Amino acid sequence: MLDWQAVYATRASRMKASEIRELLKLLDQPDIISFAGGIPDPALFPKEAFRAAYTDVLTGSTANAALQYSVSEGYLPLREWLVEQMGAIGIACRPENIMIVSGSQQGLDYLGKLFLSPGDTALVTRPTYLGALQAFNAYEPNYDQLAINGNRTPQSYADNAASNGGRAKFAYVTADFGNPSGETMTLAERERLLDLATELDMPVLEDGAYQSLRYDGEAIPPILALDLARNGGEIDATRTIYSGSFSKTLAPGLRTGWLCASEAVISKLVLMKQAADLHSSTINQMAIHHVATHGFAAQVEKIRVAYRERRDLLLSALARHMPAGVEWTKPEGGMFIWVTLPESIDSAALLAEAVKTVRIAFVPGQAFHADGTGANTLRLSFSCASAQGIEEGMLRLGNLIRKTLGT
């Protein structure tokens, strides 16, 4: 028998199963109250709109094109619609600055492939999105903690990267309602990040997956919008690459996202797309365009109302049921609340006990830390939770934490 381990590329050793994907299997167990999966509520999908969209696409003049090969950049009418949407949030661009990808996760993979050589350093927050770490890991980088509060010098990042045999290649952030923390970067933090990127002469990768899901507070310009303002409104002079997704607003199953950047970067990414899968599903892009054109704003408002209520219920339940010493974030949007436990508690062990004895699930926080820290943290998702499940789940979790602490 072939020794497969001996012939795998070195990067294969860095490919690890997602704890979140494994936890999603618990959703099939009806007695589990789950706060684990960071997934949208399927009851809120615009199913009828998509049914009409696919019917229209396959019975109209676009039927042949919908089932045919297409250009790697993506369906032009969808990119033109995205130009309007990006402009509405302060990002003036052209269709040539946008490429459609098979979910923003594919975009992260392409960006890792484009920028990272083995030994280079990616700057990431602590915690950060687990899917980004999985995408970047294949390209064998090192990681350094990005301190968005500005208490580190640019030279310290450069020196750390050089000591590991590479250079700081990019900073990756989710500026709005980040996964997993739910936190939002302030305007000052965004400006400081651009200053740092300029000093280190590196790109900023801005993950905008949750940008539309603001429930309260004042909207803050995306980092790419601030970058544009610094460069006279010319996107081809910017260093920020914005990734967006329809997964959290319309439907994740269609695997449709986009990247927005200078044309020089997009042209390189198009070559990667050609080599990887030629293009994203044409029929899905057409359906997304149809649904977005006929009701994107209404769909976003519908999910905002639902998720805002669930966030408020979860924050209220945490306040009632968590013992002293437990802290949590209070996000203005998104799908997540980040919980910090007393240092004596390991959240992975707590999860095992929670599933076994009180039948609740969450995501342990250590997986979101590139350096392996964060054992006393966990992520709660409220997007698919019911009012009854939130109240009962936090009651059970609070009692289990008290038992673990011996109080």
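The values are calculated or read from the model by the stated rules, or taken from the named source; none is laboratory data. Here the structure is a predicted model, which means the values were calculated and not measured. Here the Cβ positions follow ideal geometry from the backbone for every residue, glycine too, while neighbour counts run over all protein chains shown.
Could you check K330 against (1) in contact with a Pro (Cβ under 8 Å, 6 or more places away or on another chain); (2) basic (K, R); (3) over 30 Å from A49 (Cβ atoms) and say which number it fails?
It is condition (1) that K330 fails.
Run down A275, A317 and say which single residue is over 24 Å from the mean Cα position of the chain (by Cα), surrounded by fewer than 20 Cβ atoms within 10 Å (Cβ to Cβ) and either in a helix (DSSP H, G or I) or not assigned by TED's automatic domain parsing to the domain that holds R379 (or both). Before the answer, list the steps.
Values: A317 fails: surrounded by fewer than 20 Cβ atoms within 10 Å (Cβ to Cβ).
The conditions single out A275.
Specify which of the listed residues (E183, E189) is in contact (Cβ under 8 Å) with a residue 40 or more places away in the chain and either assigned to a loop (DSSP other than H, G, I, E, B) or not charged (D, E, K, R) (or both). First the steps, then the outcome.
Details: E189 fails: either assigned to a loop (DSSP other than H, G, I, E, B) or not charged (D, E, K, R) (or both).
On inspection, the qualifying residue turns out to be E183.
So which of S247, S243, S280, S212 is in contact with a strand residue (DSSP E or B) (Cβ under 6 Å, 6 or more places away or on another chain), part of a loop (DSSP other than H, G, I, E, B) and either in contact (Cβ under 8 Å) with a residue 12 or more places away in the chain or not assigned by TED's automatic domain parsing to the domain that holds K169 (or both)? So that I can check it myself, show each step before the final result.
Values: S247 fails: in contact with a strand residue (DSSP E or B) (Cβ under 6 Å, 6 or more places away or on another chain); S243 fails: part of a loop (DSSP other than H, G, I, E, B); S212 fails: in contact with a strand residue (DSSP E or B) (Cβ under 6 Å, 6 or more places away or on another chain).
It is S280.
How many residues does segment 228-248 contain that are within 13 Å of G208 (Cβ to Cβ) and surrounded by fewer than 24 Cβ atoms within 10 Å (Cβ to Cβ)? Walk me through how you get there before you give the answer.
Taking segment 228-248 as the starting set, the residues that turn out to be within 13 Å of G208 (Cβ to Cβ) are 240-248.
Then keep just the ones that are surrounded by fewer than 24 Cβ atoms within 10 Å (Cβ to Cβ); that gives 245, 247.
Qualifying residue count for the region: 2.
Go through segment 367-387 and report how many residues are over 17 Å from L315 (Cβ atoms) and under 17 Å from the mean Cα position of the chain (by Cα).
4
Examine segment 394-406 for a residue that is assigned to a loop (DSSP other than H, G, I, E, B) and surrounded by fewer than 23 Cβ atoms within 10 Å (Cβ to Cβ), and state whether such a residue exists. Full working, then the answer.
Let us first name the residues in segment 394-406 that are assigned to a loop (DSSP other than H, G, I, E, B), namely 406.
Filter once more, keeping what is surrounded by fewer than 23 Cβ atoms within 10 Å (Cβ to Cβ): 406.
Yes; the residues of segment 394-406 include at least one that is assigned to a loop (DSSP other than H, G, I, E, B) and surrounded by fewer than 23 Cβ atoms within 10 Å (Cβ to Cβ).
For A349, which of the numbered conditions (1) assigned to a helix (DSSP H, G or I); (2) small (G, A, S); (3) surrounded by 15 or more Cβ atoms within 10 Å (Cβ to Cβ) fails to hold?
Failing condition for A349: (3).
If the requirement is being over 18 Å from the mean Cα position of the chain (by Cα) and under 30 Å from T10 (Cα atoms), which of these qualifies: P141, P154, P180? If you could, list the steps in order and put the result at the bottom.
Details: P154 fails: under 30 Å from T10 (Cα atoms); P180 fails: over 18 Å from the mean Cα position of the chain (by Cα).
Matching residue, one of P141, P154, P180: P141.
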